[in-house]
Structure formats: C-alpha cells, structure tokens
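**Student:** Quick one: the structure is below, and I'll ask about it shortly.
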Amino acid sequence: IQSLQRSDKEVQIVIFTIDPPNTDESKLRKDAERRFDVTIQHPVQLVSLEDCKGLLRPRPFLSLVMESWGTMQLAHRALRRYHRNHPDQPIDVYWDTTGCAFTFFVARWMCPSAYILAYVHYPTISTDMMAWEWSKEGRPIHKTVFKLIYYWFFAAMYGLAGSMADLVMVNSTWTYNHIKGLWGLFLSRRRIRILYPPCSVPNDAAAIEKLMSEERKRVIVSVGQFRPEKDHGLQIDAMARLFEKYPQHKEEKVKLLLIGSCRNEPDQQRLDALRNKVEKLHLSDFITFSINPPNEELQASIRSSLIGIHTMRQEHFGIAIVEMMAAGLIVVAHGSGGPKTDIIQHRLSGYLATSDDEYAEALHQ
C-alpha cells in the first residue's frame, strides 16, 4: 500500500475485514507505522464484513473443505458488495493476504480481468501434516488411509486454486518449499517469490546507541499466543534443566517471562496447565506470566531482557524472533522451519535447539 500510494496518488485501495464497521482506519495506519515502520500517508477504504464472520467459524466435520467453502462464500459476499457500491469501477487487483486460496475461484469468476496476488504466511495443508497423520500410533489403518486420501484430495484442489494466482509471495524459505511442492504442478516457480515480513529496526546511529546502552536484566523473555504449537512447556522444561545442570543461574535468580495472549477458553486452560507445571517444578519464583499486556509494557519487557526464547517446531517464519533480535536480544529458537532457514545462523546470530537439554545449554552459553 505504501509503494502504491507513492507511485499513484489516485489509486483506490479497499480492504475487506471482519472487524466492526466503526474500526478507526487512521489508527490502523498509525499502528502499521509504529510496528512495521511503514508509512501509509493516504486513507484506505475499510469494508466491514463483521455480519458475515460466522462463515469463518471452525467446522467439526471435514473441516478443511468446509472452512475453505466458508472463505469462498465470504469472498462472494465481499465482491458482490463491492460491485453493488461501485458498479462503474472494476477491480484491477485482487490480493489475498489471509491464506484463503480457494477464494481465487470466486475472484476469477466475479473479476475475470483482475490480476490475482497472494501472500501466503502458512499453507492450509502441508506435507508435514500428512507425514504426522501417517506416523500416528494406535489408530486403525483404514482410518489413517481414509484421512490420507482426504488430505491428498484437498491438497490437489488447493494446488488448483493456487494456480489461479498471477503472482504468489511467501514469507519464508520454509513456506516457499511447501507452496512449491503443493502448487508446483500447476504454477511456474517463477511466479513464486519470497517476501519477508516487515519489522521496525533502529535506523540511525543514535537509535542503535540508545538500544545498546539500555540496562538489561537477567531475564529470558518469550512472546507468543498460548497455543499448543508454541510449546511453552518446553520453555519451562528448559529452565528446569538449566537450573539442574548449572545451579549457579538459579542462585543468580535468572528468570523466564512468558508474554502472550489468550484467545479463548482452550487457551486459558493451557495457561492454567502451564502455571500448574511451574508450581510442581517449584519454579514459581523464577517463571512469571504476562497476559495480554499493553504494547508499551510488552516493548519495555523486551527491551529490558537479555535473552529471547522461541520453541515452536516448524515455525513458518518467526516474526517474534526478528523483533526480539531487533530489540538487541540474543535469541534461542527451535532448529527447524523459518528460524533455521532464514533467520538464525547457529552460534553467529543466535542459537538453535530442539530439546530441553539443548535449550538449557544454549541459554547457559
């Protein structure tokens, strides 16, 4: 948007969102500048689809197919609403940044001359999902075979949907390899490009000097929603292992601060389980939680910490890792996915680990 507005002041940009109709557009632009160092000088038009967000609800049966069908219905309503309000202004570019590739069928039908762009953060299905399904133990073989057939059928349709894009941008090498594997039969590799997410960084000597001169506490900080894939339990195990192998760090009162948000009741249950685990390991004096803190408090906690920790396996990119590094932290991340392929060179720009013992050793170093 920033580049488009700089090159063409008359360009009209419409963003469809499920946020409420009273969403403050100017605040969104200010947030983009604060977090990503992206300046959007001219207003954009927000079109609320809050009344349609039920189409995106989780489905208990055939969830991949049914939820993708929901995104197609949402796209149909969005484009129909646009055409009704702008009958003489055809859409030149349709850009999906939410990973809803099946909406391309709708866009190609309703906007046949539009240029279709995609920015993919994470594939809807991946070969890792299929491999994990095959490796499950204790399930009858016929159920596993049925599930894999279902996955392969969906993957083929997902690839067909992706082939309708004129240009595909992905956020990491990990995502590139998966999209190339899933969409490669239908889509030329030349139409897939890696475009890393933006991150605000100090851009002058004074800002860098201020960042480096800030007082750092002996705190290890973690930033991420309390979702199961983030594996916060591994961070707690790593602290326990660190104190077991190197008790001097316990005497130095090294602490772990877990910062994150809870979206719903399952997230809250996971948070409660993590707190119980901390108590059972007698680490309550060394591990604390900060839930849904204001952005100012979040940034202050990061800037005052010494080390960042990230434990998600096969993270598609890892923007939280980049933001912690930009704040001057030494980061220990999982040795897989985007952190390994795009962000961290082990022992040069950070540390990579996979087990609690490896994390403990990296934290000690």
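**Student:** Calculate the FRET efficiency for W134 and F186 from the Cβ-Cβ distance with a Förster distance of 22 Å, rounded to the nearest 0.05.
**Tutor:** 0.35
**Student:** So how long is each side of segment 42-84 along the principal axes, counting just the alpha-carbon atoms, biggest first, in Å?
**Tutor:** In descending order, the Cα extents are 42, 18, 17 Å.
**Student:** Name the residue farthest towards the positive end of the dipole of the chain from the options A205, F61, Q89, assuming +1 on Cβ of Lys and Arg, -1 on Cβ of Asp and Glu, about the Cα centre.
**Tutor:** The one lying farthest along the dipole's positive direction is F61.
**Student:** Highest first, please rank the peptides 156-169, 110-123 by the mean number of other Cβ atoms sitting within 10 Å of their residues.
**Tutor:** Those peptides, ordered most packed to least, come out 156-169, 110-123.
**Student:** Projected area of segment 120-182, taken from the Cα convex hull and averaged over every viewing direction, in nm²? The partial results should precede the final answer.
**Tutor:** Values: hull surface 17.6 nm².
Mean projected area for segment 120-182: 4.4 nm², to one decimal.
**Student:** Sticking with this one: Straight distance only, please: which aspartates and glutamates reach the Cα of K280 with their own Cα at less than 12 Å, same-chain residues fewer than 8 apart left out?
**Tutor:** D237
**Student:** Hey, with R₀ at 45 Å, roughly what FRET efficiency would L195 and E251 work out to, going by the Cβ-Cβ distance, to 0.05?
**Tutor:** So, using R0 = 45 Å, E works out to roughly 0.45.
**Student:** On to the next question. Taking the Cα atoms of segment 85-215, what is the range of coordinates along each of the three principal axes, in descending order and whole Å?
**Tutor:** Per principal axis, max minus min of the Cα coordinates gives 64, 53, 30 Å.
**Student:** Calculate what fraction, in whole %, of the accessible area of the chain sits on carbon and sulfur atoms when a 1.4 Å probe is rolled over the protein chains.
**Tutor:** C and S atoms contribute 55 percent here.
**Student:** Same structure, new question: Check cross-link reach from K340 to the lysines: straight Cα distance under 20 Å, and skip same-chain residues fewer than eight apart.
**Tutor:** The qualifying lysines are K180, K230.
**Student:** Then there's this: Wrap a convex hull around the Cα atoms of segment 14-139, take a quarter of its surface area, and give that in square nanometres.
**Tutor:** Over every viewing direction, the Cα hull of segment 14-139 projects on average to 10.5 nm².
**Student:** What are the semi-axes of the equivalent ellipsoid for segment 199-242, taken as the square roots of 5 times the Cα gyration tensor eigenvalues, largest first, in whole Å? Mind dumping the intermediate values first?
**Tutor:** Details: eigenvalues 186, 50, 8 Å².
Ellipsoid semi-axes (Å, largest first): 30, 16, 6.
**Student:** Give me the percent of Cα-Cα pairs in segment 241-339 that sit more than 24 Å apart, rounded to a whole number.
**Tutor:** Details: 1427 of 4851 pairs.
Considering segment 241-339, 29 percent of its Cα-Cα pairs are separated by more than 24 Å.
**Student:** With +1 on each Lys and Arg Cβ and -1 on each Asp and Glu Cβ, and nothing else charged, work out how big the dipole of segment 66-208 is about its Cα centre, in Debye to the nearest 20.
**Tutor:** Values: 14 positive and 9 negative charges, 78 e Å.
Dipole of segment 66-208, to the nearest 20 debye: 380 debye.
**Student:** What do you get for the angle between helix 232-245 and the principal long axis of the chain? Use alpha-carbon atoms, 0 to 90 degrees, nearest ten.
**Tutor:** Rounded to the nearest ten degrees, it is 20.
**Student:** Additional query: Might you report the magnitude of the Cβ-based charge dipole of the chain about its Cα centre, with Lys and Arg at +1 and Asp and Glu at -1, to the nearest 20 debye?
**Tutor:** Computed charge dipole of the chain: roughly 800 debye.
**Student:** Starting from the Cα of Q89, step 7 Å along the direction of its Cβ; do the same at R216; then give the gap between the two resulting points in nm.
**Tutor:** 5.0 nm
**Student:** Return the loop-located trypsin sites (Lys or Arg not before Pro) in segment 69-163 (DSSP other than H, G, I, E, B) with at most 10 other Cβ atoms within 10 Å of their own Cβ; answer none if there are none.
**Tutor:** K136
**Student:** Have a look at Q45, S113, H76 and report the one farthest towards the positive end of the charge dipole of segment 44-161, computed about the Cα centre with Cβ charges (Lys/Arg +1, Asp/Glu -1).
**Tutor:** Checking the options against the dipole of segment 44-161, the answer is H76.
**Student:** Please give, to one decimal in nm, the separation of the simple spin-label points placed at E25 and T144, each 7 Å out from Cα toward the Cβ.
**Tutor:** Distance between the two pseudo-spin positions: 5.4 nm.
**Student:** Of S3, W132, S290, which is farthest towards the positive pole of the chain's charge dipole, taken about the Cα centre with +1 and -1 on the beta-carbons of Lys, Arg and Asp, Glu respectively?
**Tutor:** Toward the positive end, the furthest listed residue is W132.
**Student:** Let me ask another. Using a 1.4 angstrom probe, figure out how much accessible area the chain has per residue, in square angstrom, rounded to the nearest whole.
**Tutor:** Values: 20230 Å² over 365 residues.
Solvent-accessible surface per residue comes out at 55 Å².
**Student:** Mind jotting down the distance between the C-alpha centroids of segment 68-126 and segment 243-276, whole Å?
**Tutor:** Measuring centre to centre over Cα atoms gives 41 Å.
**Student:** Quick one: putting +1 on the C-beta of Lys and Arg, -1 on the C-beta of Asp and Glu, what dipole do you get for segment 242-350 around its Cα centre, in Debye to the nearest 20?
**Tutor:** Working: 13 positive and 13 negative charges, 67 e Å.
With Lys and Arg at +1 and Asp and Glu at -1, about 320 debye.
**Student:** Can you bin segment 1-50 into rounded, prolate or oblate? Criterion: square roots of the alpha carbon gyration tensor eigenvalues sorted a ≥ b ≥ c, rounded for a/c under 1.5, prolate for a/b above b/c, oblate for the rest. Intermediate results must be reported in sequence, preceding the final value.
**Tutor:** On the way: a/c = 2.56, a/b = 1.34, b/c = 1.90.
Verdict is oblate for segment 1-50.
**Student:** Something else about it: Do you know the relative contact order of the chain, to the nearest whole percent, from alpha carbon pairs under 8 angstrom that are 6+ apart?
**Tutor:** It rounds to 13 percent for the chain.
**Student:** Given labels modelled 7 Å from the Cα in the Cβ direction, how far is it in nm from H346 to D8?
**Tutor:** 4.8 nm
**Student:** Same structure again: Based on C-alpha coordinates, I'd like the Rg and Dmax of the chain, in Å.
**Tutor:** Cα-based Rg and Dmax for the chain come out at 22.6, 72 Å.
**Student:** Please report the equivalent ellipsoid semi-axes of segment 254-297, computed as sqrt(5 x eigenvalue) of the Cα gyration tensor, largest first, in whole Å. Kindly include the intermediate steps, with their values, before the conclusion.
**Tutor:** Numbers: eigenvalues 72, 51, 4 Å².
That gives 19, 16, 5 Å for the three semi-axes.
**Student:** Show me 176-188, 247-259 ranked by packing, highest mean number of other Cβ atoms within 10 Å first.
**Tutor:** Sorting 176-188, 247-259 by mean packing, highest first, produces 176-188, 247-259.
The values are calculated or read from the model by the stated rules, or taken from the named source; none is laboratory data. These numbers come from a predicted model, not from an experiment. Don't worry about glycine lacking a Cβ; one is built from the backbone with ideal geometry, like all the others, and counts go over all protein chains shown. Ligands, DNA and RNA are stripped out before the accessible areas are found, and what is left, the full protein with its side chains, is counted by its heavy atoms. Shrake-Rupley method; radii C 1.70, N 1.55, O 1.52, S 1.80 Å.
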